[in-house]
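The values are calculated or read from the model by the stated rules, or taken from the named source; none is laboratory data. Just so it is clear, the model here is predicted, and its values are computed rather than measured. Please note: Cβ atoms are built from the backbone with ideal geometry, for glycine as well, and neighbour counts cover all protein chains shown.
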Amino acid sequence: MGEAERRAVGAPVRKKDAMALLLGKPVYTEDVTPADCLVVKVLRSPHANALIESIDPAAALRTPGVVAVYTWEDVPQKRFTMAGQTWPEPSPYDRLILDKHVRFVGDAVAIVAAETEEAARQALKRIKVKYQALPAVLDPHEALDGPVLVHPEEDWKALCPVGADNRRNLCASGADADGDVEQVLADCDVVVEHTYNTQACNQAMMETFRTYTELDAYGRLHVVSSTQIVFHVRRILANALDIPKSKIHVEKPRIGGGFGAKQTVVAEVYPAFVTWKTGRAARMIYSREESLIASSPRHPMEVKVRLGATKEGVIRALDVYTLSDTGAYGEHGPTTVGLSGHKSIPLYTGNLEAFRFAWDVVYTNHQSSGAYRGYGATQGIFAVESAVNELAERLGLDPVELRMKNIVREGQTMPAYYNEPASACALDRCLAKCAQRFGWAEKYPVRDMGDGRVRAAGVAIAMQGSGISGVDVGSATIKLGDEGCYNLTIGAADMGTGCDTILAQIAADCLDCDVDNIAVFGADTDASPYDSGSYASSTTYVTGKAVEKACAQLKRRICALAAQMLDCAPEAVEFAGRSVRRLDGKGEVSLTDVAGRAMCGSGPTLQVTCSHSSPTSPPPFMAGMAEVEVDTKTGGVKVLDYTAVVDCGTPINPNLARVQTEGGLVQGIGMALFESITYNETGHLAENSLMQYKIPTRLDMGKLDVTFEASYEPSGPFGAKSIGEIVINTPSPTIAHAVYRATGVWHRSLPITPEKVLLGMKKNG
């Protein structure tokens, strides 16, 4: 179908659930589950590292309304991972539902099930626990081969060869290289060498973690959860409870945001265990405090960069080492770290002669980290892009021109990106367009605005991926209904991203009908075809292709049945949207009549399920530029203007793509300037509410200018790639660059707070 023939793809179609959300309809987990179920809460450890010597629930059990209290002695002694990943999971099996050994402040100690919220709260206070406090390791530099083992247990195991060794506090380790880095660096005119630190950040989605569980009429565990990964939840619960997957049914309602946090089974295991033990319906709703202290924040990483170049600015070598702190458990530890190098180094494929990327992921007694939008690329891009900007400043070159000289171009093979080709790459056009729209030539020079206020600009570029190549599976079922409309059933999870709408747009153009003729349902492990879930920027690219394939097959089936009805060969008819007609013009049959024949006339089933997995993960690209104003009297940094140009292939829905971009930029601004998770010497986290954990508001984002520079990815549906994650990756290095321009101080550790700015200027004289 050509561009002129498209009706849905490329159009700013309103989200299918827009009115329900705007009108406050009951669509979320708490809305659609019974209120008279058991309330589930968890007692959490006050110690960063301790053994439970004894636990006495007797007083708690005497509390009126308390139904049950469970301890480590009551749960299956079978380790599992909470990471929502395709089997065999790369994350180690290092958890129990409850463990005698607690490994961070906030770790689960006991589960309470009660008739009311108040009864559950009172019971938590009455559980008597005696702990043997152990030394804790809170510095990732001291973790590797250190004296304190976070996981000394014998039944710890890793399913995949990721370089893990629990006896070394090592969750993952590895290296990748091409060419002789040391030799090339030794021959370079200039070498930029620095260490960059990114902090842990919480996703802070509007809807906290929440799950409802019950036993259905057949004795199966029915789980309704705010999750991105219904099929992975089923497998994880089966592992945790030590029951067959056939005994579990998982579905998700509307999700109030996830940003990767709900790719981890944070809450599901606790009410599921209660229901399985008691036979009663149960629900767990995380408080905001729990969502901040016991969830799955971004992995803090230290990234060391060595960059070698000629005096003319030709980047010849990149050497990156990442130390990642996975916290107390290994969820997503082995996988996030890879993106810190594999999604940053390839940006400079243009003249690169050699690269090396090495990594270690270590256990500490911090809150367990997990998936967060950007998934490791955010951390690595902050480091590499900052180093490139430092190179430009050292050589006295315009950083835009420097990038134009070195960036990856369409058609190039990227050795640092698993030797994948840049089959669709508009990065050069993104950068040029961004400079033009932003007014780079006017804003790049430092401008003194008087009264201690200085304005300056910074730049960065980024790439991400589109699903996990050779791993992620997207599936779709498309069915022709008896009224001539279609039912699209998916396993992907719409979490506010609009994927229900986007997949319907793809189906509508494939089937030459209006988007309103496509009814979307999902995700449900009993009804939906298997799908890895909505993460890794996979839904549009991977599941969208499955939709495209399913629609093509369904059209062939419709045409075959219509040909029978028209008394001709299938090759003699054509699909015409609302009908099928003979090519010779001698007959036509409506879609409604075809559907009726299939249902009532023993015709072929007009329902198709298709799956798709891609051997490649085509990267989207992005350029970002920020203008900031620094108050040199207070150290305050204000973002005035942010321009972003994104290459996501064909934007299926420009409005939704723009909203995704704007949301990611604001999250990135928060990471650059405000958000931080800090611990004291005993491992207690300071930011346990949104009063302490500062997320950006509308007043902090400045003017956002978002546009797109289309490329065409031949392996994607209608030429589409992904957009969900890349959009968070440019703000941190861009803002750090702008702050340097304004103050003369490089900030290599995030966030860039007023205190850091003032101290940096003072130190710099």
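So here's what we get for this one:
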{"quantity": "Candidate set: region 617-640, residues that are surrounded by fewer than 18 Cβ atoms within 10 Å (Cβ to Cβ) and under 27 Å from G663 (Cβ atoms); chosen: the one farthest from the chain's Cα centre (by Cα)", "calculated": "G636"}
{"quantity": "Those residues of region 599-613 which are in contact with a helix residue (DSSP H, G or I) (Cβ under 6 Å, 6 or more places away or on another chain) and either buried (at least 20 other Cβ atoms within 10 Å of the Cβ) or outside any loop (DSSP other than H, G, I, E, B) (or both), in sequence order", "calculated": "L606, V608, C610, S611, H612"}
{"quantity": "Residues located in region 299-313, provided they are over 11 Å from V388 (Cα atoms) and either over 32 Å from the mean Cα position of the chain (by Cα) or in a strand (DSSP E or B) (or both)", "calculated": "M301, E302, V303, K304, T310, K311, E312"}
{"quantity": "Residue among T227, T208 that is touching a Gly at 6+ places or on another chain (Cβ under 8 Å), in contact (Cβ under 8 Å) with a residue 60 or more places away in the chain and among the β-branched types (V, I, T)", "calculated": "T227"}
{"quantity": "Members of region 254-274 that are farther than 18 Å from L43 by Cα and hydroxyl-bearing (S, T, Y)", "calculated": "T264"}
{"quantity": "Positions within region 79-106 being among the basic types (K, R) and surrounded by fewer than 20 Cβ atoms within 10 Å (Cβ to Cβ), in sequence order", "calculated": "R79, K100"}
{"quantity": "Subset of region 723-765 that is polar (S, T, N, Q) and at pLDDT 95 or above - its residue that is surrounded by the fewest Cβ atoms within 10 Å (Cβ to Cβ)", "calculated": "S749"}
{"quantity": "Residue list for region 459-485, filter: crowded, with 24+ Cβ neighbours inside 10 Å, assigned to a strand (DSSP E or B) and not hydrophobic (A, V, I, L, M, F, W, C)", "calculated": "G474, S475"}
{"quantity": "Unmet requirement for A456, which otherwise passes all of (1) buried (at least 23 other Cβ atoms within 10 Å of the Cβ); (2) of a type in the set (G, A, S); (3) assigned to a strand (DSSP E or B)", "calculated": "(1)"}
{"quantity": "Within region 12-115, helices (runs of 4 or more DSSP H) holding 2 or more residues that are farther than 30 Å from S532 by Cβ", "calculated": "58-61"}
{"quantity": "Selection from region 641-661 of residues that are within 24 Å of the chain's Cα centre (by Cα) and either in a loop (DSSP other than H, G, I, E, B) or acidic (D, E) (or both)", "calculated": "D647, C648, T650, P651, I652, N653"}
{"quantity": "Some residue of region 203-214 being outside the structural domain of T489 (by TED's automatic domain parsing), basic (K, R) and either in contact with a strand residue (DSSP E or B) (Cβ under 7 Å, 6 or more places away or on another chain) or farther than 30 Å from I345 by Cα (or both)", "calculated": "yes"}
{"quantity": "Selection from region 547-593 of residues that are of a type in the set (S, T, Y) and in contact (Cβ under 8 Å) with a residue 40 or more places away in the chain", "calculated": "S590, T592"}
{"quantity": "Residues of region 543-577 satisfying the condition of being of a type in the set (D, E, K, R) and under 44 Å from the mean Cα position of the chain (by Cα)", "calculated": "K545, E548, K549, K555, R556, R557, E574"}
{"quantity": "Test: E681 is touching a residue at least 60 places away in the same chain (Cβ under 8 Å), part of a loop (DSSP other than H, G, I, E, B) and surrounded by fewer than 20 Cβ atoms within 10 Å (Cβ to Cβ)", "calculated": "yes"}
{"quantity": "Residue, surrounded by the most Cβ atoms within 10 Å (Cβ to Cβ), within region 433-453, restricted to residues that are outside any loop (DSSP other than H, G, I, E, B) and free of Cβ contacts under 8 Å to residues at least 24 places away in the same chain", "calculated": "R447"}
{"quantity": "Which numbered condition P57 fails, given (1) under 28 Å from H332 (Cβ atoms); (2) surrounded by 15 or more Cβ atoms within 10 Å (Cβ to Cβ)", "calculated": "(1)"}
{"quantity": "Meets criteria (within 21 Å of G458 (Cα to Cα) and not aromatic (F, W, Y)) for S368", "calculated": "no"}
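For (1) surrounded by fewer than 20 Cβ atoms within 10 Å (Cβ to Cβ); (2) touching a residue at least 24 places away in the same chain (Cβ under 8 Å); (3) hydrophobic (A, V, I, L, M, F, W, C), each residue gets a yes or a no:
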{"residue": "R121", "(1), (2), (3)": "yes, yes, no"}
{"residue": "K130", "(1), (2), (3)": "yes, yes, no"}
{"residue": "V137", "(1), (2), (3)": "no, yes, yes"}
{"residue": "L159", "(1), (2), (3)": "yes, yes, yes"}
{"residue": "N166", "(1), (2), (3)": "no, yes, no"}
{"residue": "S173", "(1), (2), (3)": "yes, yes, no"}
{"residue": "D176", "(1), (2), (3)": "yes, yes, no"}
{"residue": "A186", "(1), (2), (3)": "yes, no, yes"}
{"residue": "H194", "(1), (2), (3)": "yes, yes, no"}
